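Visitor: Below is the structure I would like to discuss, written out as structure tokens.
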Amino acid sequence: METIIVANWKMNPQSLPKAKELFNSVRNWIKKNSNILQSVRIIICPPFVYLESISKLLKTKNFRLKVELGAQNLFWEEKGAFTGEISPKMLKNLGVKYVIVGHSERRKILGESDEMINKKLKAAIKAKIKPILCIGETFEERKRGKTFKVLKNQLTKSLTHLTTQPLNYLILAYEPIWAIGTGNPCKPEDAKEVLLFLRKFTQPLFRSITQTLILYGGSVNSKIAKDYIKIGFDGLLVGGASLKKTEFVEIIKDIAKD
Ligand code: PGA
């Protein structure tokens with residue numbers, strides 16, 4: 001089975017040359033080490049404005065490795081008067097294969113609801129872009145023992161009318177909100193409880209023999225990255241650490257090692 005490593009650059013870096021430099025440094029390392037990367041799929045999610053340039057770099061000759069392009073968001077309508085939004089087709093035309101949907105920063109800062117997330121998921125699937133659906137609880141909710149209830153609620157609402165789709169259309173990312181960008185990752189043993197809950201919850205939802213891919217995200221660093229894979233996660237969603245070339249490469253290296 002392949003392990004997925006998603007790099008969520010968020011609103012970084014601040015210029016196109018810097019974005020290219022970051023991408024190229026990772027790419028050059030990957031190129032040199034392609035032999036050990038057979039079982040790893042890397043998905044780079046830059047801000048919208050860098051997608052085209054990164055897409056071109058991905059298409060260059062001799063770079064047929066498992067590195068793919070993802071977007072950090074999309075809009076649910078196909079076209080029209082939606083100032084500031086980006087359609088699924090626009091992304092598809094740039095070679096985008098994956099899209100992060102429902103990141104907690106968007107839920108919190110931009111008021112994205114589960115209903116909006118549901119529309120985005122439907123639009124992504126229609127355009128044949130694979131969504132990476134983020135779910136997670138706040139610290140308060142965890143403290144009150146509400147984690148499973150919150151996740152169940154997020155999943156049920158955002159997957160409305162979607163469970164008849166083939167299972168492999170969706171990737172789930174468990175991202176406890178309190179762990180994102182705090183340097184305080186969820187302990188692997190606690191994340192494992194959530195993973196088991198999510199496996200149990202998603203299994204009967206979809207009619208398929210393969211299981212939903214589930215990633216962990218939230219202050220992942222090279223010291224603990226592998227621990228989440230060992231306990232059964234299918235991959236990682238990496239924010240801050242994906243902006244530091246050496247650290248990101250360390251994460252890939254560790255995951256790729258058997
Ligand atoms: P972090 O971000 O790794 O910086 O915590 C993860 C994310 O927001 O996806």
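Visitor: Filter region 14-57 down to residues that are within 15 Å of the ligand (Cβ to nearest atom) and more than 20 Å from SER222 (Cβ to Cβ), then give me how many there are.
Guide: Final tally of qualifying residues: 2.
Visitor: Condition check: modelled with pLDDT under 95, out of contact with any Phe, Trp or Tyr (no Cβ under 6 Å at 6 or more places or on another chain) and of a type in the set (Gly, Ala, Ser). Does SER208 satisfy that? Spell out how you get there, then give the answer.
Guide: Details: modelled with pLDDT under 95: yes; out of contact with any Phe, Trp or Tyr (no Cβ under 6 Å at 6 or more places or on another chain): yes; of a type in the set (Gly, Ala, Ser): yes.
When the stated conditions are applied, SER208 passes them.
Visitor: Inspect all residues belonging to region 213-225 and state whether any of them is surrounded by 20 or more Cβ atoms within 10 Å (Cβ to Cβ) and modelled with pLDDT under 95.
Guide: yes
Visitor: So which of ILE129, ILE109, ILE100, ILE135 ends up being more than 14 Å from the chain's Cα centre (by Cα) and under 22 Å from GLY239 (Cα atoms)? Working first, answer last.
Guide: Values: ILE129 fails: more than 14 Å from the chain's Cα centre (by Cα); ILE100 fails: more than 14 Å from the chain's Cα centre (by Cα); ILE135 fails: more than 14 Å from the chain's Cα centre (by Cα).
One residue alone meets the criteria, ILE109.
Visitor: Please determine, by comparing only the residues of region 177-205 that are assigned to a loop (DSSP other than H, G, I, E, B) and surrounded by fewer than 20 Cβ atoms within 10 Å (Cβ to Cβ), which one is farthest from the ligand (Cβ to nearest atom).
Guide: Residues of region 177-205 that are assigned to a loop (DSSP other than H, G, I, E, B), as a first pass: 180-187.
Add one more test, that the residue is surrounded by fewer than 20 Cβ atoms within 10 Å (Cβ to Cβ), and what stays is 181-184, 187.
Values: GLY181: 4, THR182: 7, GLY183: 8, ASN184: 9, LYS187: 15 Å.
Per the criteria, the residue is LYS187.
Visitor: Next question, about the same structure. Which of the residues belonging to region 216-242 are of a type in the set (Phe, Trp, Tyr) and at positive phi?
Guide: At the first step, the residues of region 216-242 found to be of a type in the set (Phe, Trp, Tyr) are 216, 228, 233.
Matches in region 216-242: none.
Visitor: While we're on this one: Looking only at region 226-258, filter to residues that are of a type in the set (Ser, Thr, Tyr) and crowded, with 16+ Cβ neighbours inside 10 Å; which one of those is nearest to LEU198 (Cα to Cα)? Full working, then the answer.
Guide: Here is the first cut: in region 226-258, the ones of a type in the set (Ser, Thr, Tyr) are 228, 242, 246.
Pick out the ones that are also crowded, with 16+ Cβ neighbours inside 10 Å and you get 228, 242.
Numbers: TYR228: 15, SER242: 26 Å.
Restricting to residues being of a type in the set (Ser, Thr, Tyr) and crowded, with 16+ Cβ neighbours inside 10 Å, the top hit is TYR228.
Visitor: Looking only at region 73-88, decide whether some residue is in contact with a strand residue (DSSP E or B) (Cβ under 6 Å, 6 or more places away or on another chain) and of a type outside the set (Lys, Arg). Even if it seems obvious, please write down each step before you answer.
Guide: Our first condition is that a residue be in contact with a strand residue (DSSP E or B) (Cβ under 6 Å, 6 or more places away or on another chain); within region 73-88, this holds for 74.
Retained after the next criterion (residues that are of a type outside the set (Lys, Arg)): 74.
Yes; the residues of region 73-88 include at least one that is in contact with a strand residue (DSSP E or B) (Cβ under 6 Å, 6 or more places away or on another chain) and of a type outside the set (Lys, Arg).
Visitor: Here's a follow-up. From the residues in region 71-91 that are within 30 Å of ILE30 (Cβ to Cβ) and in contact (Cβ under 8 Å) with a residue 12 or more places away in the chain, which one is surrounded by the fewest Cβ atoms within 10 Å (Cβ to Cβ)? Break it down into steps so the answer makes sense when it comes.
Guide: Filtering region 71-91 down to residues within 30 Å of ILE30 (Cβ to Cβ) leaves 71-74, 86, 88-91.
If we keep only those that are in contact (Cβ under 8 Å) with a residue 12 or more places away in the chain as well, we get 71-74, 86, 88-89, 91.
Numbers: ALA71: 25, GLN72: 21, ASN73: 19, LEU74: 26, ILE86: 18, PRO88: 24, LYS89: 15, LEU91: 24.
Taking the candidates together, the pick is LYS89.
Visitor: Now a separate question. Which ranges mark the helices (runs of 4 or more DSSP H) fully within region 97-143 that have 2 or more residues being touching a Pro at 6+ places or on another chain (Cβ under 6 Å)? Steps first, answer last, please.
Guide: Values: elements: 104-109, 114-126, 139-143.
Result: 114-126.
Visitor: Within region 226-250, track down each residue that is in contact with a Leu (Cβ under 8 Å, 6 or more places away or on another chain) and under 17 Å from ILE132 (Cβ atoms).
Guide: Scanning region 226-250 gives TYR228, ILE229, PHE233, ASP234, GLY235, LEU236, LEU237.
Visitor: Sticking with this structure for a sec: Is region 186-198 home to any residue that is within 23 Å of ASP227 (Cα to Cα) and at pLDDT below 95? Walk me through how you get there before you give the answer.
Guide: Step one: of region 186-198, the residues within 23 Å of ASP227 (Cα to Cα) are 186-198.
Restricting the remaining residues to those that are at pLDDT below 95 gives none.
Checked against the condition, which is being within 23 Å of ASP227 (Cα to Cα) and at pLDDT below 95, region 186-198 yields no hits at all.
Visitor: Failed condition for GLY232, given (1) within 15 Å of the ligand (Cβ to nearest atom); (2) in contact with a helix residue (DSSP H, G or I) (Cβ under 8 Å, 6 or more places away or on another chain); (3) not in a helix (DSSP H, G or I), with all others met?
Guide: (1)
Residue-wise test of (1) of a type in the set (A, V, I, L, M); (2) within 16 Å of the ligand (Cβ to nearest atom); (3) buried (at least 17 other Cβ atoms within 10 Å of the Cβ).
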position	(1), (2), (3)
LEU69	yes, no, yes
ASN93	no, no, no
VAL101	yes, yes, yes
ARG106	no, yes, yes
MET116	yes, no, yes
LEU121	yes, no, yes
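Visitor: Checking the condition modelled with pLDDT of 95 or more and either touching a strand residue (DSSP E or B) at 6+ places or on another chain (Cβ under 8 Å) or among the basic types (Lys, Arg) (or both), which residue from LYS152, LYS126 passes?
Guide: Details: LYS126 fails: modelled with pLDDT of 95 or more.
None of the other options fit; the residue is LYS152.
The values are calculated or read from the model by the stated rules, or taken from the named source; none is laboratory data. Since we're looking at a predicted model, the values are computed, not measured. Glycine also receives a Cβ, built like all others from the backbone with ideal geometry; neighbour counts cover every protein chain displayed.
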